[in-house]
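In what follows, a structure is listed as structure tokens, so that the remarks can point back to it.
The values are calculated or read from the model by the stated rules, or taken from the named source; none is laboratory data. Quick caveat, the model's predicted, so the values are computed rather than measured. Don't worry about glycine lacking a Cβ; one is built from the backbone with ideal geometry, like all the others, and counts go over all protein chains shown. Surface accessibility is based on the protein's heavy atoms, side chains included, excluding ligands, DNA and RNA. Shrake-Rupley method; radii C 1.70, N 1.55, O 1.52, S 1.80 Å.
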Amino acid sequence: KSGGGVYTKALSVSVTDSIVENCYTVAANQNGGGLCLSNSTTTTLSGTIIQGCTATGMGGGVYHAAKGTFTVSNGSDISGNIARGEGDQDGNGNDLHNSGGGIYTKAVTFKLKNSIVSDNQAYGNGGGICQNYNQTNGMMELDGATVTGNIAGHMDENNNGVGKGGGIFTLTNL
């Protein structure tokens, strides 16, 4: 099932000064190796470490499925996570099914403040972060953020590199 470490359908989620590590999903195409937040319209991760998690779908560290606001702040560290799903393009060449090595979110507003997203890998897009909110009013805000050492993509059956946005892949305004 989705949510190797934590799965919740709560409408509001706040995780503070916590560690989620070495968690994984087992069945094919399951999201959120560390956290799977399926309905949370207001989500905050503060001073939290999510590391070494693997999803067989989207969001190696965190999968956030709801629209709304998602904030990662206060020294949170999302590192060493992998999204390794089987791939599914959206018709525009965006391989989203295995995207968001560190974080995959559908949030209207995503904020990364004074935090680190590093050394994550997505077999699709957004090695560090994939924000899949394709509307004109969507926003991503980076403030004192470090996004480094992330990898997007893998080699397909024809030895072509697949994947966009090693650090960040977004379908919204940055």
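Looking only at residues of the range 84-103 that are modelled with pLDDT under 95 and in a strand (DSSP E or B), we find that the one that is least open to solvent (accessible area, probe 1.4 Å) is Asp95. Just so you know, in the range 123-153 the residues that are modelled with pLDDT under 80 and open to solvent by less than 60 Å² (accessible area, probe 1.4 Å) include one that is nearest to Thr54 (Cα to Cα), and it is Tyr133. Residues in the range 1-33 that are at pLDDT 95 or above and of a type in the set (D, E, K, R): Asp17, Glu21. Taking the range 34-55 as the range and being open to solvent by 10 Å² or more (accessible area, probe 1.4 Å) and either more than 18 Å from Tyr24 (Cβ to Cβ) or at pLDDT below 95 (or both) as the test, the residues that pass are Ser38, Asn39, Thr41, Thr42, Thr44, Ser46, Gly47. Taking the range 56-73 as the range and being out of contact with any Ser or Thr (no Cβ under 6 Å at 6 or more places or on another chain) and surrounded by fewer than 24 Cβ atoms within 10 Å (Cβ to Cβ) as the test, only Lys67 passes.
Yes or no, residue by residue, for (1) without any contact (Cβ under 8 Å) to a residue 12 or more places away in the chain; (2) in a strand (DSSP E or B); (3) of a type in the set (Asp, Glu); (4) closer than 16 Å to Thr105 by Cβ:
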| site | (1), (2), (3), (4) |
| --- | --- |
| Lys1 | no, no, no, no |
| Gly4 | no, no, no, no |
| Val13 | no, yes, no, yes |
| Ala27 | no, no, no, no |
| Asn31 | no, no, no, yes |
| Cys36 | no, yes, no, yes |
| Asn39 | no, no, no, yes |
| Thr44 | no, yes, no, yes |
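Candidates Asn114, Asn158: the one that is open to solvent by 70 Å² or more (accessible area, probe 1.4 Å), at pLDDT 90 or above and farther than 21 Å from Gly33 by Cα is Asn114.
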